[in-house]
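Asks: This structure is in structure tokens; I'll ask about it shortly.
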Amino acid sequence: MIFIPVNEPLLDGNEKRYLAECIDTGWISSEGPFIKQFEERFAARVGRRYGIAVCNGSAALEIAVAALGLGYGDEVILPTFTIISCAAAVVRAGAKPVLVDSDSVTWNMDVGQIAAKITPRTKAIMVVHIYGLPVDMDPLLALANRHGLKVIEDAAEMHGQTYRGRPCGSFGDLSTFSFYPNKHLTTGEGGMLVTDDAALAKRCRSLRNLCFQPGKRFVHEELGWNFRMTNLQAAVGLAQLERLDEFVARKRRMGQRYTELLADLPGLQLPLAATDYADNIYWVYGLVLDESLPLDAEDAMHRLLKAEVGTRPFFWPMHEQPVFQNRGWFEGERFPVAERLAQRGFYIPSGLALSEAQMEEVATVVREVLQ
Ligand SMILES: Cc1ncc(COP(=O)(O)O)c(C=O)c1O
């Protein structure tokens with residue numbers, strides 16, 4: 001069998017044509033015309049007034065935290081089960097990450113645990129939609145409103161997803177996306193902030209561009225970053241955006257097909273197809289191995305690799321990160337659901353270019369490995 005990678009993007013739309021335009025016109029830096037088009041069309045697609053394209057989703061989070069002025073003495077509530085980028089942005093700003101556990105069925109942050117974590121120092125909630133289903137936003141937004149908290153919405157994995165009919169990415173004071181090649185839309189590397197607040201958008205643009213000042217370019221009142229996206233990346237992004245509905249529909253079909261192929265396997269938790277507020281978009285197709293099975297995620301991934309099937313482990317919780325434990329943080333804090341997901345969860349090939357035949361091969365190998 002030929003190796004089946006965990007992800008392969010689909011780049012067979014207008015990507016080449018728009019890229020050729022960049023080369024032909026010489027617009028390859030962040031000043032080219034595709035940037036503005038991509039920002040405007042992407043923002044419109046998620047129902048926001050402003051889009052600010054950046055070099056990746058992690059950078060978008062750094063800017064979001066800085067733009068909201070979060071820093072020393074502030075606490076930010078976020079899920080422990082997420083990518084390091086979320087906590088890193090909070091920590092680098094000097095603020096304190098305060099963690100909540102996950103819901104065992106949706107794998108998203110357990111919104112019911114947030115209220116107990118709010119203190120007079122809490123300034124924001126960083127909500128992260130995980131793997132294909134959104135977080136239950138209504139109770140979270142009500143809580144944020146009641147306590148005057150800012151909301152950063154990390155919608156990195158949620159292109160084209162909705163919560164009760166409203167686009168993911170439309171909920172945060174600032175919402176962020178990633179365009180890494182495993183996302184529904186890719187620019188190679190890339191990210192975007194979206195917002196409806198003109199002042200916040202202006203601040204994000206400035207932070208993205210080293211806080212150069214109009215008129216006094218090399219005189220700085222504040223420190224920013226060079227987190228700019230190039231016109232080349234925006235060209236690819238624009239071509240991808242034209243196909244978002246098609247991509248979401250394709251991923252949904254893929255998710256449903258995997259579920260058909262694997263549903264009868266004992267001891268395996270599969271992604272939930274839907275909640276009462278959203279249908280899964282299957283950013284990735286995750287599996288969680290029950291304790292009744294004689295192997296954990298690491299063993300299973302090892303065996304799948306030997307059988308030429310690529311996988312990725314689930315996120316490793318923030319409270320178990322050596323980089324934070326070495327600072328004495330989160331000592332004695334336990335988040336059993338996230339810990340179990342990390343030990344027993346991984347995902348199988350889920351990219352847009354995966355064929356039906358490859359999915360059947362993956363399912364056959366999973367069956368062999370687990371039985
Ligand atoms: C939830 C979440 N947030 C942030 C990121 C970071 O995005 P990037 O890889 O573009 O830096 C990712 C990346 O996969 C992600 O899944």
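Every number here is computed from the coordinates shown, using simple stated rules; none is lab data. Everything quoted here is computed from the prediction, not taken from an experiment. Don't worry about glycine lacking a Cβ; one is built from the backbone with ideal geometry, like all the others, and counts go over all protein chains shown.
Asks: Based on the Cβ-Cβ distance of Asp290 and Glu368, what FRET efficiency does E = 1/(1 + (r/R0)^6) give at R0 = 22 Å, to the nearest 0.05?
Replies: E between Asp290 and Glu368, to the nearest 0.05, is 0.80.
Asks: For Lys150, give me every one of the lysines with a C-alpha distance below 16 angstrom, ignoring sequence neighbours fewer than eight places off in its own chain.
Replies: Output for Lys150: Lys96, Lys117, Lys123.
Asks: What ³J(HN,Hα) values, in whole Hz, does the Karplus curve 6.51 cos²θ - 1.76 cosθ + 1.60 give for the stretch 155-161 when θ = phi - 60°, with x put for Gly and Pro?
Replies: 9, 3, 9, 10, 4, x, 8
Asks: Once the piece of chain linking Cys211 and Glu246 is laid out straight, how much longer is it, given 0.36 nm per residue of separation minus the C-alpha distance between them?
Replies: Result for the pair: 8.8 nm of gain on full extension.
Asks: Find how much the distance from Ala44 to Glu21 grows on full extension, using 0.36 nm per residue of separation minus their present alpha carbon separation; answer in nm with one decimal.
Replies: 5.9 nm
Asks: So between Glu320 and Ala199, what do we pick up on full extension, going 0.36 nm a residue minus the alpha carbon distance?
Replies: Contour length minus Cα-Cα distance gives 39.9 nm.
Asks: At what distance in nm do the modelled label points of Ile2 and Tyr277 sit from each other, each positioned 7 Å from its Cα along Cα→Cβ?
Replies: Taking the simple label geometry, Ile2 and Tyr277 are separated by 4.3 nm.
Asks: Follow-up. Give me the aspartates and glutamates in straight-line cross-link reach of Lys306: C-alpha distance below 18 Å, same-chain residues under 8 apart excluded.
Replies: Asp296, Glu298, Glu360, Glu361, Glu368
Asks: Please give the Cα centre distance for the stretch 249-269 versus the stretch 312-341, rounded to the nearest Å.
Replies: The stretch 249-269 and the stretch 312-341 have Cα centres spaced 29 Å from each other.
Asks: Please give the Cα centre distance for the stretch 136-172 versus the stretch 73-88, rounded to the nearest Å.
Replies: Each part's Cα centre sits 16 Å from the other's.
Asks: Once you list every other residue whose beta carbon is under 15 Å from the beta carbon of Ala263, what net charge do they have if Lys and Arg are +1 and Asp and Glu are -1?
Replies: Charge balance near Ala263 sits at -2.
Asks: Taking the highest mean first, how do the peptides 159-171, 238-250 order by number of other beta carbon atoms within 10 angstrom per residue?
Replies: Averaged packing, sorted descending, gives the order 159-171, 238-250.
Asks: Can you tell me the FRET efficiency between Lys117 and Arg253 if r is taken as the Cβ-Cβ distance and R0 is 45 Å, rounded to the nearest 0.05?
Replies: Between Lys117 and Arg253 the formula returns 0.70.
Asks: A further question on this structure: PRE reach from Asp12 (point 7 Å along Cα→Cβ): which of the stretch 336-371 fall under 18 Å by backbone N?
Replies: In the stretch 336-371, the label zone of Asp12 (backbone N under 18 Å from the point 7 Å along Cα→Cβ) covers 350-360.
Asks: Have a look at the DSSP beta bridges in the chain and tell me what percent are antiparallel, nearest 5.
Replies: 60 percent
Asks: Also, I was wondering about something else. Quick one: if you stick a label point 7 Å off each Cα along the C-beta vector at Glu31 and Lys306, how many nm between them?
Replies: Those two pseudo-labels are separated by 5.7 nm.
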